[in-house]
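The values are calculated or read from the model by the stated rules, or taken from the named source; none is laboratory data. These figures come from a predicted structure and were not determined experimentally. Neighbour counts run over all protein chains shown; Cβ positions are idealised from the backbone, glycine included. Side chains are part of the model used for accessible areas, which takes the heavy atoms of the whole protein and leaves out ligands, DNA and RNA. Shrake-Rupley method; radii C 1.70, N 1.55, O 1.52, S 1.80 Å.
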Amino acid sequence: VERVVKQASIHGKKVSCHSGETSASTALNLGVGCVEHAFCLDVLEPDQDWATLNVESDKVSRMIDLFLEKKAWFCPTLAVMEAVRHGWGPPFWDVHTEQSYPKHVADWLKTVIDGAQDRSVSEIDLATAGLDSMKQVVRRFSEAGVMMMAGSDMPFVPMGTGLHRELELLVDAGLANDKARKMATSDAAECLGLVDTVGTLEVGTSADVIAVNGDPLKNIRDISSIAAMWSDGIKQDLTALY
């Protein structure tokens with residue numbers, strides 16, 4: 001990790017990681033600029049499950065302090081946590097449609113989901129509590145001022161609609177609708193070093209724009225009701241795209 005961060009810095013790039021063998025704390029101390037996935041945060045005690053996490057614990061507070069100290073970004077991907085840990089709670093296909101995936105991915109997901117259907121009520125309850133803890137941690141990160149961006153993760157959630165679901169879960173976690181919107185637009189652009197070209201509606205930016213039916217600042221689900229789209233200033237044929 002140290003070598004990757006050093007090489008990236010030569011090219012003026014930051015490193016984002018899914019931490020595993022290298023903990024989130026170690027990664028941040030080595031200069032990683034963004035940590036992906038709530039479950040990668042090292043806030044649990046040994047052998048502890050997210051369902052029993054005290055979200056006000058010192059470990060959570062220290063994790064927040066480290067992100068702030070290092071001026072690092074956090075990408076929670078709650079939709080992935082819902083899909084992987086909680087897909088058998090509300091049936092997975094009630095959240096995502098099979099048509100949202102390439103056929104080979106949908107076929108693979110069916111095997112994963114079918115294998116989860118025999119989980120016990122206690123396992124489902126554990127997953128539900130774990131996802132709720134992750135939401136509360138994300139809320140704490142937001143309230144503390146940790147820089148956060150919205151992201152998804154193929155193949156567990158589809159591109160596009162998976163991000164829409166992410167925004168719903170962020171709002172469900174207690175974040176303001178406008179905060180969730182910014183995490184998917186200007187904040188994400190800032191994290192990626194692209195704020196001068198994408199993520200905002202300003203002169204000189206790329207003119208990638210969607211128009212929606214409704215008002216996502218009042219109902220975040222309206223972000224999914226796309227009425228028109230422009231790419232690089234050119235209006236696209238939604239019928240052809242879908």
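Just to be sure before I move on: is L41 at pLDDT 95 or above, out of contact with any Asp or Glu (no Cβ under 8 Å at 6 or more places or on another chain) and hydrophobic (A, V, I, L, M, F, W, C) in the structure I sent?
yes
Looking only at region 1-28, which residues are open to solvent by less than 90 Å² (accessible area, probe 1.4 Å) and hydrophobic (A, V, I, L, M, F, W, C)?
Those that are open to solvent by less than 90 Å² (accessible area, probe 1.4 Å) and hydrophobic (A, V, I, L, M, F, W, C): V1, V4, V5, A8, V15, C17, A24, A27, L28.
Quick check on region 214-232. Is at least one of its residues touching an Asp or Glu at 6+ places or on another chain (Cβ under 8 Å), touching a residue at least 24 places away in the same chain (Cβ under 8 Å), surrounded by 14 or more Cβ atoms within 10 Å (Cβ to Cβ) and over 25 Å from R140 (Cα atoms)?
Scanning region 214-232, I find no residue that is touching an Asp or Glu at 6+ places or on another chain (Cβ under 8 Å), touching a residue at least 24 places away in the same chain (Cβ under 8 Å), surrounded by 14 or more Cβ atoms within 10 Å (Cβ to Cβ) and over 25 Å from R140 (Cα atoms), so the answer is no.
What are the pairs with Cβ atoms under 6 angstrom where one residue, in region 37-53, is over 16 Å from E21 (Cβ atoms) and open to solvent by less than 50 Å² (accessible area, probe 1.4 Å) and the other, located anywhere, is outside any loop (DSSP other than H, G, I, E, B) and among the basic types (K, R)? Sequence gap at least six, or different chains.
Taking only residues 6 or more apart or on different chains, the pairs are V43/K59.
In region 148-166, how many residues are open to solvent by less than 60 Å² (accessible area, probe 1.4 Å) and either in contact with a Leu (Cβ under 9 Å, 6 or more places away or on another chain) or among the β-branched types (V, I, T) (or both)?
Looking only at that region, the number is 9.
Given the options A83, A51, A27, A106, name the one that is of a type in the set (A, V, I, L, M, F, W, C), touching a Phe, Trp or Tyr at 6+ places or on another chain (Cβ under 6 Å) and assigned to a helix (DSSP H, G or I).
Only one candidate qualifies: A83.
Failed condition for L68, given (1) part of a helix (DSSP H, G or I); (2) crowded, with 20+ Cβ neighbours inside 10 Å; (3) touching a residue at least 60 places away in the same chain (Cβ under 8 Å), with all others met?
Checking L68 against (1) part of a helix (DSSP H, G or I); (2) crowded, with 20+ Cβ neighbours inside 10 Å; (3) touching a residue at least 60 places away in the same chain (Cβ under 8 Å), the one that fails is (2).
Name the one entry in S206, S142 that is of a type in the set (S, T, Y) and part of a helix (DSSP H, G or I).
From the options S206, S142, the qualifying one is S142.
Every residue in region 167-199 that is of a type outside the set (A, V, I, L, M, F, W, C) and open to solvent by 40 Å² or more (accessible area, probe 1.4 Å), please.
D172, G174, D178, K179, R181, K182, T185, E190, G193, D196, T197
Determine which member of the set E166, E190 is in contact with a Phe, Trp or Tyr (Cβ under 9 Å, 6 or more places away or on another chain) and either in a helix (DSSP H, G or I) or not aromatic (F, W, Y) (or both).
E190
Just to be sure before I move on: is G31 touching a helix residue (DSSP H, G or I) at 6+ places or on another chain (Cβ under 7 Å), among the small types (G, A, S) and open to solvent by 10 Å² or more (accessible area, probe 1.4 Å) in the structure I sent?
Spelling it out, G31 is indeed touching a helix residue (DSSP H, G or I) at 6+ places or on another chain (Cβ under 7 Å), among the small types (G, A, S) and open to solvent by 10 Å² or more (accessible area, probe 1.4 Å).
Quick check on this structure: which one of V171, V198, V157 is closer than 30 Å to K110 by Cβ and part of a loop (DSSP other than H, G, I, E, B)?
V157
I'm checking my understanding of the structure. Among residues of region 127-155 that are of a type in the set (A, V, I, L, M, F, W, C) and in contact with a Ser or Thr (Cβ under 9 Å, 6 or more places away or on another chain), which one is farthest from A38 (Cα to Cα)?
Residue satisfying both the conditions and the ranking: A144.
Quick one: which of A83, A24, A51, A72 is over 19 Å from E166 (Cβ atoms), modelled with pLDDT under 95 and hydrophobic (A, V, I, L, M, F, W, C)?
None of the other options fit; the residue is A51.
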